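What follows is a single structure, written as structure tokens, with notes after it.
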Amino acid sequence: MANTLTNRRLGPPNYGKLITILSIDGGGIRGIIPGVILRCLESQLQELDGEEARLADYFDVIAGTSTGGLITTMLTAPNDKNQPLYAAKDIVPFYLQHSPKIFPQSSGIFGSVATIAKLLNGPKYNGKYLHKLLRDLLGEKRLQDTLTNVVIPTFDIKNLQPVMFSNYAVPVVPQLDALLSDICIATSAAPTFFPAHQFKTNDGNGNVREFNLIDGGVAANNPTLVAINHVTRELLKKNPDFFPIKPTEYQRLLVISIGTGSSKNERKYNAKDAANWGIISWLFENGSTPLIDSYNQARDDITDLHSWVVFEAYKSLDNYLRIDDDTLTGESASVDAANKNNLNQLVKIGEALLKKPVCKVNIETGANDPIPNAGTNEDALKRFAIKLSEEKRNRELYERRQKGET
């Protein structure tokens, strides 16, 4: 079944040579880091194709989880002129403006006590500001209104299964065509931070579906493989929007995956101490959350490792780029430390990350090791911008030929 997007700004993949995917991790206020990276990428595209160029013009799929899902929606939801709501350069200012109100900070010893008491009886934040902000920004816009295909993971706690909001899935499951505001609220509903989100959809034929959703990071904090899997399913279904290739022809995929940073290199725990921990210590130990940290890091590393191995196995590493920083420490590693100093520090971390070498995850150590002769992340973004621009031009030329204009 062909894609049903009515506002698509990029011709379908069968007009060109590649299938292009952008993936953005979850990570709360650390969404500032991919915001900086995406600003750089879009500026490179604008140098090639003009200042009106937007990321939605170049990617067949943009996937994002939690804060990455919010960024995905900002880049793909249309405004009244059928342009993306936000240019990439506006993402960081959005976070700087709204994060302190989304994550209001407590101060002093009494603030810390109040926070702990709140966590024991409910989520840390009520989410009211975030919910109103999203309702106001997105209004009645739905999944099928996006300017390119999106994939936004969530997790249904009633059915105990992931729910992936994807344009590709809507023709088969019309009830997935939910309000974009509901999708963003759901994928951002991180347990202990924000309340779970319940809503219903109606497919127009009287079929109602109820969703009981939490943060998509429970299923896929790094949604790279989720996006690739959705493309693969369309290939297997022989979607006419795609050229006839085998699902394993990774050389026809171009993937940029952007992380929100981690504190992997800051060793916090050891087995000697953990051997005596009970449930409270595993959940809260010296201001950290060992169980959640371990789960999150293992899940993201497995996704990154798999991606590298598969692209390398099919000799396609030139078409895969992962940008992330595993050296965060202190407040910078937090998902909600939305004070002015830390927010500005995250901007600097993103800018510094552009100057760091392109890295590949080490299968033995899990560390990000520099790739010889690959240059910096900024160099890599320039190379990928050229590929994306060429692919877009190829599709536009094919479309003009089909219309007999050349």
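The values are calculated or read from the model by the stated rules, or taken from the named source; none is laboratory data. Keep in mind that this is a model prediction, so the values were computed, not measured. A quick note on method: Cβ atoms are made from the backbone with ideal geometry, for glycine too, and the neighbour counts reach across all protein chains shown. Calculation scope for accessible area: heavy atoms of the full protein, side chains included, ligands and nucleic acids excluded. Shrake-Rupley method; radii C 1.70, N 1.55, O 1.52, S 1.80 Å.
For this structure, a couple of remarks:
- Within the range 206-233, tally of residues that are of a type in the set (G, A, S), surrounded by 24 or more Cβ atoms within 10 Å (Cβ to Cβ) and assigned to a loop (DSSP other than H, G, I, E, B): 1
- Whichever residue in the range 87-109 is open to solvent by less than 40 Å² (accessible area, probe 1.4 Å) and part of a helix (DSSP H, G or I) and, among such residues, is nearest to S257 (Cα to Cα): A88
- Per-region count, the range 13-31, residues open to solvent by less than 10 Å² (accessible area, probe 1.4 Å) and aromatic (F, W, Y): 0
- In the range 13-28, residue modelled with the lowest pLDDT [restricted to those that are assigned to a strand (DSSP E or B) and not polar (S, T, N, Q)]: I19
- Hey, N373 surrounded by fewer than 19 Cβ atoms within 10 Å (Cβ to Cβ) and on the phi > 0 side of the Ramachandran plot or not: yes
- The conditions of being part of a loop (DSSP other than H, G, I, E, B), surrounded by fewer than 24 Cβ atoms within 10 Å (Cβ to Cβ) and either within 19 Å of the chain's Cα centre (by Cα) or of a type in the set (A, V, I, L, M, F, W, C) (or both) are not met by P162.
- When I116 is tested against (1) in a helix (DSSP H, G or I); (2) at pLDDT below 95; (3) surrounded by 15 or more Cβ atoms within 10 Å (Cβ to Cβ), only condition (3) is not met.
- Matching residues, the range 67-86, being open to solvent by 10 Å² or more (accessible area, probe 1.4 Å) and in a loop (DSSP other than H, G, I, E, B): N79, D80, K81, N82, Q83, L85, Y86
- Taking residues in the range 13-35 that are closer than 30 Å to F193 by Cα, and partners anywhere that are part of a strand (DSSP E or B) and among the polar types (S, T, N, Q), the pairs with Cβ atoms closer than 9 Å and at least 6 places apart or on different chains are I21/S257; L22/S257; S23/S257; I24/S257; D25/S257.
- Of all the residues in the range 47-66, those that are on the phi > 0 side of the Ramachandran plot and open to solvent by 20 Å² or more (accessible area, probe 1.4 Å) number 1.
- Applying the condition of being in a strand (DSSP E or B) and open to solvent by 50 Å² or more (accessible area, probe 1.4 Å) to the range 171-205 and asking which residue is modelled with the lowest pLDDT yields N202.
- Every pair of residues 6+ apart whose Cβ atoms lie under 7 Å, when the first sits in the range 181-195 and is aromatic (F, W, Y) while the second is surrounded by fewer than 24 Cβ atoms within 10 Å (Cβ to Cβ): F193/P123; F193/K124; F193/Y125; F193/D336; F194/P123; F194/Y125; F194/G127
- Any hit, the range 269-276, residues being over 24 Å from V151 (Cα atoms), open to solvent by less than 80 Å² (accessible area, probe 1.4 Å) and modelled with pLDDT under 80: yes
- Filter result (surrounded by fewer than 16 Cβ atoms within 10 Å (Cβ to Cβ) and in contact (Cβ under 8 Å) with a residue 40 or more places away in the chain) within the range 352-365: I363
- Number of the condition not met by N126 [criteria: (1) under 30 Å from A53 (Cα atoms); (2) touching a residue at least 60 places away in the same chain (Cβ under 8 Å)]: (1)
- Index of the failed condition, D293 passing every other in (1) more than 30 Å from D215 (Cα to Cα); (2) free of Cβ contacts under 8 Å to residues at least 40 places away in the same chain; (3) among the charged types (D, E, K, R): (1)
- P357 meets the stated requirement of being closer than 24 Å to L253 by Cα and over 17 Å from the mean Cα position of the chain (by Cα).
- So E42, is it open to solvent by 10 Å² or more (accessible area, probe 1.4 Å), modelled with pLDDT of 95 or more and not in a loop (DSSP other than H, G, I, E, B): no
- The strands (runs of 3 or more DSSP E) falling completely within the range 294-406 that include 3 or more residues that are under 24 Å from L225 (Cα atoms) and in contact with a Ser or Thr (Cβ under 8 Å, 6 or more places away or on another chain) map to 320-323.
- Residue tally, condition among the charged types (D, E, K, R) and not in a helix (DSSP H, G or I), over the range 54-66: 2
- Any hit, the range 334-349, residues being at pLDDT below 85, within 30 Å of S99 (Cα to Cα) and of a type in the set (S, T, N, Q): no
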